[in-house]
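The values are calculated or read from the model by the stated rules, or taken from the named source; none is laboratory data. Everything quoted here is computed from the prediction, not taken from an experiment. Using ideal geometry, Cβ is built from the backbone for each residue, glycine included, and neighbour counts are taken over all protein chains shown. The protein model used for the area step is the full one, side chains on, heavy atoms only, and it has no ligands, DNA or RNA in it. Shrake-Rupley method; radii C 1.70, N 1.55, O 1.52, S 1.80 Å.
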Amino acid sequence: MVNPALTDKAPTGSTMNAANSGSPGTIYTCPMHPEIRQDHPGNCPKCGMTLEPVLPELEEGENAEFVDFQRRFWWTLPLTVIVTVIAMFGHRLNWFEMATQSWVELALSSPILLWAGWPFFARGWQSVVHRSPNMWTLIGLGIGAAFVYSVVATVAPEVFPASFVSMGRVGVYFEAAAVIVSLTLLGQMLELKARSQTSAAIRSLLGLAPKTARRIRDDGVEEDIALASVHVGDKLRIRPGEKVPVDGTVVEGSSSVDESMLTGEPMPVTKRVGDKVIGATLNTSGALVMRSERVGSATVLAQIVQMVAQAQRSKAPMQRMADVVAGYFVVSVVGIAVLTFLAWGFFGPEPSWVYGLINAVAVLIIACPCALGLATPMSIMVATGRGATRGVLFRDASAIENLRKIDTLIIDKTGTLTEGRPAFDRAVPAPGFEADEVLRLAASLDQGSEHPLAETIVRAARERGMKLDKPEAFDSGSGIGVRGQVAGRALALGNTTLMQQLGVTVEHLLPQAEALRAEGASVMHLAVDGQLIGLLVVSDPIKPSTPEALAALRAAGLRIVMATGDGLTTARAVAARLGIDEAHGEVKPVDKLTLVERLQKEGRIVAMAGDGINDAPALVKADVGVAMGTGTDVAMNSAQVTLVKGDLRGIAIARSLSEATVANMKQNLMFAFLYNALGVPIAAGVLYPLTGWLLSPLIAALAMSFSSASVIGNALRLRD
């Protein structure tokens, strides 16, 4: 649930200022463990991730942790490169005496480990203090063991047996520790960058609300005031091109309002006196005066913000396979290392405790979590790149892992199944008239209108090369259509209400009009000198790729459900054309969210595909949210998957890639654990009584590198 403190402290007229992370009352939570909540910044005691505000602020600077890691990474990357080159080629090129080379590597790697890698040691220690072993425990142990061993080998090489001396020195592993630190810093930078996008949806919503409103005082004087100063009962003027500031009722004027960003309705809605208007929607043409009724956290936009935030925090984080076993793994490795040290110390040949120390270090080095840590990220990295080349963008790993499991797909209509914008369909002439003449006259009249439907008709006529007459008189004040004089004839274009007011008979075209509406089209009547001469039909066409995409998804066994803010008649008509058995019309954002929750309670794994702001809560709550790249930024920020081209066929592509990626991740984890299962016992010396074999830390480091190379090579197969 959204913490009441985050909304109750907002000013009366503002819904958007409550998430200031620097203000008192801000609640911080862990993105992986939402049950962790506290009133100050810090790290999660379970996983070590940095806590973030439940609700972000609208203007948010660059993440301080990202800046810190970036500085550590770039300042020490040259040192990592130098120490690696020296370790690999120094003995061949005779740059230094070998004993001197160890001291050079120590000097170069110390800043990397002790400064750049310090946050990893701190998080690893925190995991021990909180008794919650995780990947930071493994990373801290791995790089710490490699570094401490190498420091001892450099400072006191005489404590090692002669068999560990090679090319005039005891082998050191400074470069391995340094490379792991640099790679881990880079991975953390990429993760923080991706995590910052999780709050982008809410910030996009916050940005929809206008900053000011124009209030009409009781004495008639108008003034611009901050949105926070709007109170219930205020009279507000909304000029053409301005956003509606808050929810309320029209008391003067008539205009077309674009509500698509909140309702999903593609056609602008005519608003007259007595009609309700919604905050953050766009007034496209005439001027309106409204009376405010719901402000602050009571507005529709504020409720959507709260639903998105609640859905984000209520989603259980997917526990990756590596994290599931990490706790057991680290405890086991530490236990084996301790037992190795003690067993060799008490029962091994002289110098027994040195052997014990070396073998314990070998265990920790070969169990270094490099391969385990790379197993999932490498597969995800390659898969996301592969998906991007095919028009599918994954926001996080959980989307890839969950997409293969979905069995139900909820699809929005407008902008998802359809193009999402009005298009001229046809002109239907009355007997004795021509379709082209009907279109030409309607377009001539509509040249004086700013309504989007009028623009569609005018554009269609001009594309056909029609010569339009200039309207001699024009009136659009009715809100139900337009009237005017064209070439000396009285024209009227609008709905049936306008025709009834003018006494125009529409019965002879009524069957055609009803049939067209049943197909989901918008129908306008054109009358000339009091006689109905035809119908103008505007519709939201179905995308050409939609039938093929739905066929592929049904063939994959998915249950298809359509949910749209359009009328039920239109919804059923579109569903019938596309063969969709279940369709829901006139649904609000909360209804879509409820539908997702109901299907999930039935045991369904649900994906939601949409393109509008009204889809945002459902996109977040679904097991996988899929946004159209041709839709709103809010939808794309709320969803885990974005189809760049807005083509539903991308869902089938993404699902196939999901299955291949998860299989690849399992293979990588198997490789990582197989090396540990084979390498750890050998490093511990279990074969020594039978064969006399010991696994030196050098061989352990090579095995560790080989396991990482195997994981990376296997992940790269996803590119094919």
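Counting other Cβ atoms within 10 Å, which trypsin sites (Lys or Arg not before Pro) in the stretch 92-154 have at most 14 and lie in a DSSP loop?
Numbers: sites: ARG92, ARG123, ARG131; in loops: ARG131.
Taking the stretch 92-154 and a limit of 14 other Cβ atoms within 10 Å, the loop trypsin sites (Lys or Arg not before Pro) found are ARG131.
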* Structure fact -> Residues meeting the amide H criterion for HIS584 (H placed from the backbone, H to H distance under 5 Å, 5 or more places apart or on another chain) are MET562, ALA563, THR564
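Using a 10 Å cut-off on Cβ atoms, rank the peptides 176-185, 657-666, 330-339 from the highest mean neighbour count down.
176-185, 657-666, 330-339
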* All-pairs Cα distance distribution in the stretch 372-495, expressed in whole percent, bin size 10 Å -> 11, 27, 18, 10, 14, 14, 6, 1, 0
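With a 10 Å radius around each residue's Cβ, average the other Cβ atoms per peptide and rank 579-588, 215-224, highest first.
579-588, 215-224
What accessible area per residue, rounded to a whole number of Å², is obtained for the stretch 541-615 using a probe radius of 1.4 Å? Walk me through the intermediate numbers first.
Working: 3170 Å² over 75 residues.
Per residue, the stretch 541-615 has an accessible area of 42 Å².
Once the cut-off is 23 Å, how many percent of the Cα-Cα pairs in the stretch 493-645 end up in the long-distance tail?
Working: 5605 of 11628 pairs.
Cα-Cα pairs of the stretch 493-645 separated by over 23 Å account for 48 percent.
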* Taking the simple approach of a point 7 Å from Cα along Cα-to-Cβ for both LYS588 and ALA518, what is their distance in nm? -> 3.1
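Per residue, how many Å² of accessible area does the stretch 406-510 show with a 1.4 Å probe? Write out the running numbers ahead of the final one.
Working: 4800 Å² over 105 residues.
I get 46 Å² per residue for the stretch 406-510.
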* Cα-based convex hull volume of the stretch 453-531 per residue, rounded to whole Å³ -> 109
* Structure fact -> Non-local residues with an amide H under 5 Å from the amide H of GLY348, with H modelled 1.01 Å from N and Pro and chain starts lacking one, are none
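Whenever you get a sec, compute what percent of the accessible area on the stretch 531-651 sits on carbon and sulfur atoms (1.4 Å probe).
Numbers: 2050 of 4200 Å².
Exposed carbon and sulfur together represent 49 percent of the surface.
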* Among 596-603, 686-693, 668-675, the order from most to least packed when residues are scored by Cβ within 10 Å on average -> 668-675, 596-603, 686-693
* List every residue whose amide H lies under 5 Å from the amide H of LEU51, counting only residues 5 or more places away in sequence or on a different chain, with H placed 1.01 Å from N in the peptide plane. => GLY42, ASN43, CYS44
* Asked: Expressed as a whole percentage, what fraction of the accessible surface of the stretch 404-483 belongs to carbon and sulfur atoms when a 1.4 Å probe is rolled over the protein heavy atoms?
  -> 43
* Structure fact -> Here the gain from full extension of ARG217 to LYS601, 0.36 nm per residue of separation minus their alpha-carbon distance, amounts to 133.2 nm
